[in-house]
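Coordinate-derived values only; no laboratory data. Note that the structure is predicted; figures quoted are calculated from it, not measured. Heads up, the Cβs are rebuilt from the backbone with ideal geometry, glycines too, and the neighbour counts pull from every protein chain shown.
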There are 4 protein chains.
Amino acid sequence: MGNLVYRRQFAIEWGHCDPAGIVFNSRFFEFFDWSAWLLFEKALGVRPAELGRTFGIVGIPLVDARARFLKPAKFNDLAEISSEVHEFRRSSFEVKHHISIGGELAVEGSETRVWAAQDPDNPVKLKGIPIPAEVMERFRV
Amino acid sequence: MGNLVYRRQFAIEWGHCDPAGIVFNSRFFEFFDWSAWLLFEKALGVRPAELGRTFGIVGIPLVDARARFLKPAKFNDLAEISSEVHEFRRSSFEVKHHISIGGELAVEGSETRVWAAQDPDNPVKLKGIPIPAEVMERFRV
Amino acid sequence: MGNLVYRRQFAIEWGHCDPAGIVFNSRFFEFFDWSAWLLFEKALGVRPAELGRTFGIVGIPLVDARARFLKPAKFNDLAEISSEVHEFRRSSFEVKHHISIGGELAVEGSETRVWAAQDPDNPVKLKGIPIPAEVMERFRV
Amino acid sequence: MGNLVYRRQFAIEWGHCDPAGIVFNSRFFEFFDWSAWLLFEKALGVRPAELGRTFGIVGIPLVDARARFLKPAKFNDLAEISSEVHEFRRSSFEVKHHISIGGELAVEGSETRVWAAQDPDNPVKLKGIPIPAEVMERFRV
């Protein structure tokens, strides 16, 4: 058994790049975010916009994001990103992302997200709630 | 009498620029949008987030946006943007934006926005409603 | 004979959308820009990053961009964009973009771009030069 | 003696926010990047675009970026960001960023950047070089 991995390819666009001709750092966090949603769609069989309603949560808000930039990604490069849940904790989980270009690892990322419902004591706040076991199982293959 | 003008200055950031070293076109539409909100705040004395509630509208959605790029804006340039409502129509209005760098016009922009409420026949849709005369007057000085 | 059309599909991502739950306007100009590059790649058989070198130009800078927003694009929608050169002039051309969602036209866009070389009188400036007839022919099918 | 701190205030714009009405995570990395440039301008008395030429480097590329999201930043909030070099190593350094809203810490960020020159063995690559002592001193007050 291992982790379910979601992979996609995308081109590095002109508008992703900065005056050094390489992807501006904030863009990688956009790539991570969208892959996290797609990983959840693949695992749970639910379109991203339906995720909250289906599982009785408000969403999966991000509480920590990180990237290590190992090699630059340049205009016109073809990038491959693979994403998996590296670890489930009680009410949060860590998504790992790897972006490769031409078969070489270019960026490593991680996101910590919370399985979040409205806080019953304060409805404008969110609160982590336990992640159901059947959710976690769907991320294993 | 003339139009109320909202002016602000901002720096051209590294992350605004593309591999040609100049501002990527989509960023100008971010600059226009935010200046439109600030113009409304100045004219109506209401913070952007309160605009809808105060005037019984859902918002001022954009239906047309345009920019003409006359001179490039480069990393580290200091830009000045001035914005005004150029024309009010019954339920829509046109905001004109001018961005200058070093005193020279670099970009001209225009946005057409609608004074919009929920459509009573279909609550998930928006519908333009007449702009109150007292709103229009606040954009004249 | 008609215009060569470049089509692609893409998902509306969480990060594309604003607090109204619809795509923030500047994002459409990113979608247009990348489709313009891909249209050129399809027509000319040259990857975007090679375009300038292959044809002796510096690039195809944008001098005018416009969008009309007809229907909102929402998180998770599947968008289809089709792009074509609507008109070639001596040293500039107009690209038309249509974005549909669920078969309905959501956004119409146009970009005016220049076939640009360095200005021989001022190497830091760009100057439109005549578009070769063989380039124009490649955009007809 | 302590670290030189660069502070600036900025508004949370409509276009910064996602369908949850809070700042989309990638935007914070834009805020961090620009504050890093401005901190360097304040410390070294050199405009960002001149930094490389003045100090014989190609730039200060990012090799690691991280953010912890403690409280959401919402449309129309006034954010204050303070930035400082937390640690200098031989050829790299760590910039710490703190973003507060209404006096409460909302986001903590850190960036690791390299003091980088062209690699003499491979001119298309960058290589960290020792940070001059007189540069480091300028970040202490």
Cα centre as origin, Lys/Arg/Asp/Glu Cβ charges: chain B dipole, Debye: 160
Dipole-positive endmost among C:136, C:82, C:39 within chain C (Cβ charges, Cα centre): C:136
FRET E, pair residue B:91, residue C:87, Förster distance 35 Å, beta-carbon r, rounded to 0.05: 0.60
Inter-copy separations for residue C:119, label at 7 Å along Cα-Cβ, nm, ascending: 3.9, 4.9, 5.8
Unit Cα scatterers, Debye sum, chain D: log10 I(q)/I(0) for q = 0.11, 0.12, 0.18, 0.21 Å⁻¹: -0.44, -0.52, -1.00, -1.23
For A:62-73, mean number of other protein chain Cβ atoms within 10 Å: 5
Label spacing, shortest first and in nm, from residue C:9 to its equivalents in the remaining copies (7 angstrom along Cα→Cβ): 1.8, 4.9, 5.0
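Counting partner chain Cβ atoms within 10 Å of every residue's Cβ in C:74-82, what's the average?
Numbers: counts 2, 6, 7, 1, 0, 0, 0, 0, 0.
Average per residue, whole number: 2.
Considering Cα pairs under 8 angstrom that are at least six residues apart, work out the relative contact order of chain D and quote it in whole percent.
Relative contact order of chain D: 29 percent.
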Spread of Cα-to-Cα distances over 5 Å intervals beginning at zero, given as percent, for segment D:1-51: 4, 17, 22, 19, 14, 12, 7, 3, 0
3J(HN,Hα) from dihedral phi, segment D:66-78, Karplus parametrisation 6.51/-1.76/1.60, rounded to Hz, x for glycine, proline: 8, 9, 10, 9, 9, 9, x, 9, 10, 3, 5, 5, 9
Amide H partners (placed H, <5 Å) of residue B:17, local residues excluded: B:24
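Kindly flag which residue pairs out of A:74/B:96; C:125/D:125; B:74/B:125; B:71/C:96 have an alpha-carbon separation exceeding 32 Å in this structure. Please list the in-between numbers first.
Numbers: A:74/B:96 36 Å; C:125/D:125 29 Å; B:74/B:125 40 Å; B:71/C:96 23 Å.
Pairs exceeding the cut-off: A:74/B:96; B:74/B:125.
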Estimated vicinal HN-Hα couplings, Hz - segment B:124-130 in sequence order (Karplus 6.51, -1.76, 1.60; Gly, Pro = x): 7, 10, 9, 8, x, 10, x
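With an 8 Å cut-off on Cα pairs and a minimum separation of 6 or more residues, tell me the relative contact order of segment C:61-113 in percent. It would help to have the intermediate numbers written out before the result.
Values: 104 pairs, mean separation 23.8, N = 53.
Once normalised by length, the contact order is 45 percent.
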Principal-axis tilt of helix B:25-44 within chain B, Cα atoms, nearest 10 degrees: 50
For segment D:85-94, 3J(HN,Hα) per residue [Karplus equation, 6.51 cos²θ - 1.76 cosθ + 1.60, θ = phi - 60°, Hz, x = Gly/Pro]: 7, 7, 7, 9, 10, 4, 10, 9, 7, 10
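Given axes a ≥ b ≥ c from the Cα gyration tensor, I'd like to know whether the protein assembly as shown is rounded (a/c under 1.5), prolate (a/b larger than b/c) or oblate. Working shown, then result.
Working: a/c = 1.20, a/b = 1.04, b/c = 1.15.
Note, shape of the protein assembly as shown comes out rounded.
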Residues whose placed amide H lies under 5 Å from that of residue A:73, excluding near-sequence neighbours: A:23
Nm distances between copies for residue B:136, ranked from closest, using label points 7 Å along Cα→Cβ: 4.6, 6.4, 6.7
Mean residue ellipticity (222 nm) of the protein assembly as shown, computed from DSSP H runs ≥ 4 via -39,500 (n - 2.57), nearest 500: -6000 deg cm²/dmol
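For a quick check of your reading of the filter: which trypsin sites (Lys or Arg not before Pro) in segment C:3-94 sit in a DSSP loop and have no more than 11 other Cβ atoms within 10 Å?
Details: sites: C:7, C:8, C:27, C:42, C:53, C:66, C:68, C:74, C:89, C:90; in loops: C:89, C:90.
Here the trypsin sites (Lys or Arg not before Pro) that fit, given the DSSP loop and packing criteria, are C:90.
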Fluctuation leader among D:20, D:106, D:43 - chain D, Gaussian network, Cα springs under 10 angstrom: D:20
Net +/- balance of residues flanking residue B:34 in space, Cβ distance below 9 Å, scoring K and R +1, D and E -1: -2
Per-q log10 I(q)/I(0), segment D:56-129, q = 0.23 Å⁻¹ (Debye; single scatterer per alpha-carbon; no solvent): -0.95
R0 of 56 Å, Cβ-Cβ distance residue C:42-residue B:5: FRET efficiency to nearest 0.05: 0.80
